[in-house]
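Visitor: One structure, as structure tokens, below. Some questions next.
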Amino acid sequence: MTTSSTARPTTRRARILAVLAVAALLVAGCSGSRGGGAADSALSGDDRSASWAYDDGAAEAGSDAVAPADSALGTAAAAAAAAAQAGAREVVTTGTATLVADDPLDAVARVTALAEQAGGRVERRVETRGTDTDPAGAHVTLRLPADQVNATIDALRGLGDVVDVSLQKEDVTATGRDLDARVAALETSTARLVELLSQAASTADLLDVERELAARQADLDALKAQRADLSDRVAMSTLDVDVVADEAAAARLAPAPTGFRGGLAAGWHALAGFGRGATVAVGAALPWLLLAGAGYAAWRGVAGGVRRVRARDVGQRPRDAVDEA
């Protein structure tokens, strides 16, 4: 009786230990499955990167060269993407401003000086002399360091009244990373083609590699030019400044309103423009209408005189015939 009681707890403990061991094995198996899935996903991502790199950068120089170029391009593209990922965001800033000054031509010269002091440059400058109907004005396009745009706008307030300011920012980080990856892939492809050029076994292979190398080099130069332009637009913001002499001129330069009010204003301006156009057309046609009217009146007078003379001659002939009889 005592032996049976002692055996039962021992058996229960053995069962519990067996259940715990099975549970531990199941947990380990699930973890291994997840790790294998993650590895498979990473491998698939590498395969996709390598395939893309081959399509964009590998030369068609034989089946023996495909695999090395494929792997190298995928590695270069991944390295470029990782380097760009660690960098700062790339933002292109553009803006407009309207400055009201008593002497627009003098003010635009000072605006140019402010841009140069900020480390920028003038990309375009237009000056308009005043007439009897239109006041003087000027327009200047400035390229400023990205961190000096707000300071330059604040400095413009010391030259006159800044009535309109608009700034837009565009994040081009993804575009920059894409260009960097494509440049890295093409550079690796070009280097591989240069190696293949020295290993060409026949004239036909040599010509094929040279042709492919020329095409890849042209694509690489084009991508580098695009990247340089994008980097320049990120580093140097664009600010268009209109300098006018009065508020009325500034109002004409202001952006048109939107919505119902904008539609109503656009319709009114269109009607006013049509009226002005019609008035100009009538004014231009009036001298010709007067000349045509004078010619018509002269023709009617001459034609009437001719008809009267003819009628008098016709009436005179019957009387002459009666006298002769």
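The values are calculated or read from the model by the stated rules, or taken from the named source; none is laboratory data. In this text, all values refer to a predicted model and were calculated from it rather than measured experimentally. With ideal geometry, Cβ positions are generated from the backbone for all residues, glycine too; neighbour counts draw on all protein chains shown.
Visitor: Is there any pair with a first residue in the range 225-246 that is free of Cβ contacts under 8 Å to residues at least 24 places away in the same chain and a second that is part of a strand (DSSP E or B) whose Cβ atoms are under 9 Å apart and which are 6 or more apart or on different chains, and what are they?
Guide: ASP232/ARG143
Visitor: If I ask for residues that are over 30 Å from PRO104 (Cα atoms), basic (Lys, Arg) and surrounded by 13 or more Cβ atoms within 10 Å (Cβ to Cβ), which ones from the range 197-242 would you list?
Guide: Scanning the range 197-242 gives ARG216, LYS224, ARG227.
Visitor: Looking for whichever is modelled with pLDDT under 85, surrounded by 10 or more Cβ atoms within 10 Å (Cβ to Cβ) and part of a helix (DSSP H, G or I) here; the options are ALA278, ALA251, ALA294, ALA321. Which one fits?
Guide: After applying the criteria, what remains is ALA251.
Visitor: Checking ARG216 against (1) touching a residue at least 60 places away in the same chain (Cβ under 8 Å); (2) farther than 29 Å from ARG182 by Cβ; (3) not aromatic (Phe, Trp, Tyr), which test does it fail?
Guide: (2)
Visitor: I'm told THR175 meets every condition in (1) at pLDDT 90 or above; (2) over 20 Å from the mean Cα position of the chain (by Cα) except one. Can you identify the failing condition by its number?
Guide: Checking THR175 against (1) at pLDDT 90 or above; (2) over 20 Å from the mean Cα position of the chain (by Cα), the one that fails is (2).
Visitor: Can you name the residue in the range 117-143 that is under 27 Å from ASP246 (Cβ atoms) and under 23 Å from the mean Cα position of the chain (by Cα) and is also surrounded by the most Cβ atoms within 10 Å (Cβ to Cβ) among such residues?
Guide: Within the range 117-143, the match that is surrounded by the most Cβ atoms within 10 Å (Cβ to Cβ) is LEU142.
Visitor: Just one of LEU186, LEU144, LEU167 is part of a strand (DSSP E or B) and under 17 Å from ALA228 (Cα atoms); which is it?
Guide: Going through LEU186, LEU144, LEU167 in turn, just one is part of a strand (DSSP E or B) and under 17 Å from ALA228 (Cα atoms): LEU144.
Visitor: Here are some residues: LEU114, LEU99. Which one is at pLDDT 60 or above, under 25 Å from GLN168 (Cα atoms), assigned to a strand (DSSP E or B) and not β-branched (Val, Ile, Thr)? Break it down into steps so the answer makes sense when it comes.
Guide: Numbers: LEU114 fails: assigned to a strand (DSSP E or B).
Residue meeting the stated conditions: LEU99.
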